[in-house]
Amino acid sequence: MITRRSVSISLAAALGSVAFRANAQQDPSQIPMVYRVPGMANAKVREGIVYKTADGSPLHFDLYAPANASGATPVVIFVHGTVQTVGVRRWGVFTSYGRAVAAMGMIGIVFDHRLLGFERLRDAASDLADLQRYVRGNAKTLGIDENRMALWTYSYGASLISTALRERQKWWKLLVAYYGLMEAPGAGPDFSATAALGQDASTAPPVLLARAGQDDPTLNATIDRFVAAANSAGATVDLLTHPTGHHGFDVIDPGERSSQIIRHTLESLRTHLAVSTPRSA
């Protein structure tokens, strides 16, 4: 049985762990993801855009656009897992991901939300919904095609794809979950991606999953149950497995398999979002 106590892994913990093991002097929050895309340095970045106010403070997002962007461009929204403080959008892993999708011809949005613990899941879901409304409502100003959108989630943040799976808005072209907890413990069916599939998921957005073989077994069990339910319900699922990978493999496990998974994900995003513009050089 999964409980909040049994699932304690987060990207922050993974980064802290690897820095400790390596006795690194580098701030873990500044470590980028392990894969590089040519042209990442050329991304056009708009920082600190306020999309709402919550708990008396503004919440921001940063936008990474292709250097050669013209007209409405498809967008990838990144959703981090459980953290201790707001401000993760400036971490190296997410700034590098934002630049990577920009180099691949898409807009990347990294935003701050309030997943500051298991008990803040509903706040984080509200923040994601408000960000989505803001982005779609200001699509022209932001240079975004509001009908071509994708979610890329990590760790505990993966439970937030449940709304997109349940409501099946046509603008969600791909949902991505890296080392994702697909059933939030103690949160009920509202935050279970597995339950959101229902009996017939043939019209649900396609899902790409990356599973780390060395991750917490209770977390991986939620991925396995999701895949089984998705196959039974007729959903489109692409499962990528990293047998020797750890939670946060895209940051802490450099190597060919990590690079293959990230590269495949980026190419899948281009395909599902129908990106026709050339990559940055």
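Note on the stretch 236-281: residues that are modelled with pLDDT under 95 and of a type in the set (Lys, Arg) total 1. Note on the stretch 141-176: residues that are assigned to a helix (DSSP H, G or I) and either touching a residue at least 12 places away in the same chain (Cβ under 8 Å) or hydrophobic (A, V, I, L, M, F, W, C) (or both) total 13. Of the helices (runs of 4 or more DSSP H) lying entirely inside the stretch 177-281, the ones with 1 or more residues being in contact (Cβ under 8 Å) with a residue 60 or more places away in the chain and either under 27 Å from THR73 (Cα atoms) or not charged (D, E, K, R) (or both) are found at 217-233, 249-252, 256-272. Mind checking whether some residue in the stretch 74-89 is of a type in the set (Lys, Arg), out of contact with any Pro (no Cβ under 9 Å at 6 or more places or on another chain) and touching a residue at least 40 places away in the same chain (Cβ under 8 Å)? Checking the stretch 74-89: not a single residue is of a type in the set (Lys, Arg), out of contact with any Pro (no Cβ under 9 Å at 6 or more places or on another chain) and touching a residue at least 40 places away in the same chain (Cβ under 8 Å). The residues listed here are ALA158, ALA187, ALA177, ALA164; of these, the one that is more than 16 Å from the chain's Cα centre (by Cα) and hydrophobic (A, V, I, L, M, F, W, C) is ALA187. From the list ALA164, ALA184, ALA177, which residue is crowded, with 21+ Cβ neighbours inside 10 Å, under 28 Å from GLY92 (Cα atoms), at pLDDT below 95 and among the small types (Gly, Ala, Ser)? That would be ALA184, the only listed residue that is crowded, with 21+ Cβ neighbours inside 10 Å, under 28 Å from GLY92 (Cα atoms), at pLDDT below 95 and among the small types (Gly, Ala, Ser).
Take the conditions (1) surrounded by 20 or more Cβ atoms within 10 Å (Cβ to Cβ); (2) farther than 30 Å from ALA139 by Cα; (3) within 17 Å of the chain's Cα centre (by Cα); ASP215 misses just one of them, which is (3). Step by step: first the residues of the stretch 202-212, then only those that are touching a Lys or Arg at 6+ places or on another chain (Cβ under 9 Å) and surrounded by 17 or more Cβ atoms within 10 Å (Cβ to Cβ), then the one that is farthest from LEU266 (Cα to Cα). Which residue is that? If we take residues in the stretch 202-212 being touching a Lys or Arg at 6+ places or on another chain (Cβ under 9 Å) and surrounded by 17 or more Cβ atoms within 10 Å (Cβ to Cβ), then ALA204 is farthest from LEU266 (Cα to Cα). If only residues of the stretch 46-82 that are among the acidic types (Asp, Glu) and within 22 Å of the chain's Cα centre (by Cα) are counted, the one that is surrounded by the most Cβ atoms within 10 Å (Cβ to Cβ) is ASP62. Among the candidates ASP62, ASP127, which residue alone is modelled with pLDDT of 95 or more, within 18 Å of TRP172 (Cβ to Cβ) and either out of contact with any Asp or Glu (no Cβ under 6 Å at 6 or more places or on another chain) or part of a strand (DSSP E or B) (or both)? None of the others qualify; the one that does is ASP127.
Being outside any loop (DSSP other than H, G, I, E, B) and modelled with pLDDT under 95 is not true of ARG136.
The values are calculated or read from the model by the stated rules, or taken from the named source; none is laboratory data. Bear in mind that the values here come from a model prediction, so they are computed numbers and not experimental data. Counting neighbours? That spans all protein chains shown, and the Cβs are built from the backbone with ideal geometry, glycine included.
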